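Okay, so here's the structure we're looking at.
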């Protein structure tokens, strides 16, 4: 007899009891792990297939169809949109986009690494500093871009102050220049660079630096030979996280660059609004997508093979 | 309906196999656990003990042709964990962090639709059983408990359901030594007091020896040996068991000739020793024996007792272990032999052995454990 | 890299970091400051006023757009969190064939530029002759939020002790009961985080929304955009300031909440 002093539970564990349908469904699913997984995956997967994959496919289809008279497409097949893209005008846009994205990435890396390094070594200030870095990350991109306009336009704050203080007579044209777009992109994406580098530095074992010091390495050497290589995964991830959105950037160049600094994103949007060339817009969009995916693949190759879940 | 002479055992595994991909985690193992028994599965990590436990719990199912798992006589291969009459205690306690201690314990009762009025009483009694005062602990959350207290709550949560079998998956691993020893004795007492069958999985051989009625030693997905603690310790059947449990000295040799009740074995380097006669042994056969350090003694080369196996060598080291002294003797052509002697106080009655002394290691022939091939 | 302390860093590094952080926040701070400027032109500070904020209340287009943004945000979040959590459960708790590929494919929507997803959805809707409006916006938002929800919830599930669910099953709870009584309550903070992320992504979205909204509907970002394009007045500063403050408060609250309940093990 048990010391729990009660008669054994009637019925015991539920076997014959329990809701019929539920029990039968669970019993059917139990030996079928694949079915279990796919039951859960089905709704979301269907949605993503229908509203992500299928649209891309339709877009590709549109890119190889002749242009319709009032926008849209006509039935048929033609590679006209893609050959059109080979025109120097459009290739320039592609080049400009690429150069801008690279410049943004480089500047972000140059600014972001020291910031990440400082935060990683900042002791009790760490959470505050992190919060300060993360906050812009969450703030509306549109608002932040407008803030740049507010600062940089001819009647904007910087110019007003320059003129009012007598340093200049005429406003400096900052808006609608490549500089403005670059500044806007770096401003927008810097947090994306800082956070991965910080994460990487956080994981660095201080004992390694101590060991290097004991072996005679001076601060600069310790940085170059221990810190930098070990934080490389974070740096590479950060570059990817800045490069990719910069390539596909639309809003920044639209608001800060104007008509002179068209990037691919703007080109695409244009084709669906004023230019009404849907096949061409689809083609340009598809090309953009391919370039982005290619960049991701390059990253996956470049990534040090040993990195675990971190980056 | 067939009428059996005795009630079905608590657990039966009949040629149970479980594979993950191409590797067999459990390879056609069979064993029985009697009702009320404290049964341990002992082995190093990767041997299959945890998989065996999970097969009994119902988290894994045997391979399609992989045998039967029976609980109280009934085949449960297709039954989900919540359909089996088991309860389980996990290594990291697995207490529900968002529920208080009493809600944790009541959880299983609620699943069985136990009336509210009964639940409070049973929870209190379960807490008493694991020696936690209900008034103090019932309302606390798991985060407010120490490791030992959490483990007791986990126990209470399982035992309150009065399961046919209690499964314990290395439950004392994260607890410190002193408390661990206490809890080992408590678990054993609970097993006897409640009459609940316990299946205990561990890699700690001392733990298994202390608490179990019987032990199954597992290695590489198979059961290497099954028996009482005394059988496992004193009559290890394979080199693995002899090495894994306690310490052993190993000697290899070939059977030469027979004198009376003994075989004469020739080892390397001219060593000769005697082993008991057993079925299945024949002249010319290679044999391996194990001798535990505590069955050996060290003598001056001239003072060896008659009738004992003896190996002449040199003292290589004397190790102070507190309760025992280990004298390590090296002899040509054999690995070092370790002898365990009781420490009668090195300050008042020190051992006469020093490094470099000639010494003979001796033991009785009947203490040779003849090992099987693995 | 922890305990070295900020004192040991070279001065130029600290200064550089301070400057960078300052510049990262300066534009928005300035924006907010000038939302209180009585003058219509940002040039000089003429006086403190709440006038621009009051003005916002008079503008029906802004109020309607705000309402639309909230409806879209809440609906899209609810759907995305449900779908995403189910996927996360499958990924974190079940081994199935094709899992690695599935995991990889899930990142594709995250890296795909918004202009591409927006255009492709527009093309799809036109192809299907679906009228553009709030429903197409919601559909689009769900599609780009789901992968983020999955990432957040998977991370949370990975940190959650699997033994808890097993323990529940040994105590008599079947899979469904275990999910509702154990998994879900413990996952809840992660789900809330994912919901917050999803809501903010949806609320702030401009590019995709502008493409699939059609002519009839407008969300707050769309209205702000047209205000920026057309006539710039401090009302924009005001609405921007409100958005920034609201987001920050939401973030802060969510951060505090998630720090208090972190019951991932016992």
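Here the stretch C:58-90 is scanned for amide nitrogen atoms under 17 Å from the site 7 Å beyond the Cα of residue A:53 along Cα-to-Cβ, giving C:84, C:87-88. Summary of packing: across the peptides B:335-346, B:308-319, A:248-259, A:78-89, the per-residue average of other C-beta atoms within 10 Å ranks them, highest first, as A:248-259, B:308-319, B:335-346, A:78-89. The calculated FRET efficiency for the pair residue B:268 and residue B:243, based on their C-beta separation and a Förster distance of 22 Å, comes to about 0.65.
Remark: spin-label model distance residue A:77-residue B:15 equals 6.0 nm, labels positioned 7 Å along the Cα→Cβ axis. Residue by residue along B:107-115, Cβ atoms of other protein chains within 10 Å of the local Cβ number 6 on average. Principal-axis analysis of the Cα atoms of chain C puts helix C:11-34 at an angle of about 70° to the longest axis. Simple spin-label estimate for residue B:30 and residue B:113 gives 4.1 nm between the two label positions (7 Å along the Cα-to-Cβ direction from each Cα).
Please say if the stretch B:205-351 is rounded, prolate or oblate, where rounded means a/c under 1.5 for a ≥ b ≥ c the square roots of the C-alpha gyration tensor eigenvalues, and otherwise the choice is prolate for a/b larger than b/c and oblate otherwise? Oblate shape, in that a/c is at least 1.5 and b/c is the bigger or equal ratio. Using the average count of surrounding beta-carbon atoms within 10 Å as a protection proxy, the listed peptides C:24-32, B:366-374 rank, highest first, as C:24-32, B:366-374. For the pair the stretch A:113-147 and the stretch B:114-134, the centres of their Cα atoms are 52 angstrom apart. For chain B, with a Gaussian network of springs between Cα atoms less than 10 Å apart, report the residue from B:242, B:57, B:120 with the top mean-square fluctuation. Among B:242, B:57, B:120, the largest GNM mean-square fluctuation belongs to B:120. The protection proxy used here, the mean number of other Cβ atoms lying within 10 Å of each residue, ranks peptides B:271-280, C:192-201, B:75-84, B:29-38 as follows, highest first: C:192-201, B:75-84, B:29-38, B:271-280. Determine, at each q value in 0.17, 0.20, 0.26 (inverse angstroms), the log₁₀ of I(q)/I(0) that the Debye formula gives when each Cα of the stretch B:131-192 is one equal point scatterer. Once normalised to I(0) and log-transformed, intensities are -0.62, -0.87, -1.33. Does chain C come out rounded, prolate or oblate by the C-alpha gyration tensor, with a ≥ b ≥ c the root eigenvalues, rounded set by a/c under 1.5 and, if not, prolate when a/b is larger than b/c and oblate if not? Since a/c reaches 1.5 but b/c is at least a/b, the shape of chain C is classed as oblate.
Take every DSSP beta bridge whose two residues both sit in chain B, then give the antiparallel share in percent to the nearest 5. Taking every DSSP beta bridge with both residues in chain B, the antiparallel ones total about 75 percent. The stretch between residue C:46 and residue C:129 holds 24.6 nm of extra length on full extension. This uses 0.36 nm per residue minus the Cα-Cα distance. Of interest is the spacing of the C-alpha centroids, which for the stretch B:174-196 and the stretch A:179-228 amounts to 51 Å.
Counting only Cα atoms, the size of the stretch B:300-374 along its three principal axes is 43, 28, 23 Å, in decreasing order. The radius of gyration of the Cα set in the stretch A:86-128, together with its Dmax, comes out at 17.6, 56 angstrom. Going by a ≥ b ≥ c, the root eigenvalues of the Cα gyration tensor, does chain A fall in the rounded group (a/c under 1.5), the prolate group (a/b larger than b/c) or the oblate group? Oblate shape, in that a/c is at least 1.5 and b/c is the bigger or equal ratio.
Legend: ranking of residues A:77, A:98, A:131 from fewest to most surrounding C-beta atoms inside 10 Å; resulting order A:77, A:131, A:98. One compactness figure for the stretch A:96-275 is 1.24, namely its Cα radius of gyration divided by 2.2 N^0.38 Å. Along its three principal directions, the equivalent ellipsoid of chain B from the Cα gyration tensor extends over semi-axes of 47, 27, 16 Å, largest first. With helices as the sole contributors, the protein assembly as shown gives -16500 deg cm²/dmol at 222 nm; each DSSP H run of n ≥ 4 counts as -39500 (n - 2.57), and the sum is divided by every residue.
For helix B:101-111, what angle does its Cα long axis make with the longest principal axis of chain B, in degrees from 0 to 90 and rounded to 10? Roughly 70 degrees, rounded to the nearest 10. Inter-part distance, the stretch B:208-228 to the stretch B:44-71, computed on C-alpha centroids, equals 16 Å. Note on the stretch C:7-49: Cα convex hull, mean projected area over all directions, 4.1 nm². Computed from Cα positions, the angle between helix B:147-159 and the longest principal axis of chain B comes to roughly 60 degrees. The mean number of partner chain beta-carbon atoms within 10 angstrom of a residue's beta-carbon across peptide B:54-66 is 1. Taking only the Cα atoms of the protein assembly as shown, the ratio Rg/Rh comes out at 1.09, with Rh defined as the Kirkwood radius.
Evaluated at 20 °C with a viscosity of 1.002 mPa s, what Stokes-Einstein diffusion coefficient in µm²/s does the stretch B:57-207 have when Rh comes from the Kirkwood expression over alpha-carbon pairs?
In µm²/s, the coefficient rounds to 132.
Along each principal axis, taking the top coordinate minus the bottom one, the Cα set of the stretch C:139-266 gives 66, 30, 18 Å in descending order.
A simple spin-label model places the labels of residue A:99 and residue B:333 8.6 nm from each other, with each point 7 Å out along Cα-to-Cβ. Comparing C:204, C:61, C:174 in a Gaussian network model of chain C, where Cα atoms under 10 Å apart are tied by springs, the biggest mean-square fluctuation is seen for C:174. Result for chain A in a Gaussian network model with C-alpha springs under 10 Å: among A:52, A:146, A:280, the largest mean-square fluctuation is at A:52.
Partner shielding of B:75-84 amounts to 6, given as the average count of beta-carbon atoms from other chains within 10 Å of each residue beta-carbon. Most simply put, the protein assembly as shown has about 75% antiparallel DSSP beta bridges, counting only bridges with both residues inside it.
Computed from the coordinates by the stated procedures, all read-outs in this text should not be read as laboratory data. Bear in mind the structure is a predicted one, so any value in this text is a computation, not a measurement. Ideal geometry is used to build each Cβ from the backbone, glycine not excepted, and the neighbour counts take in all protein chains shown.
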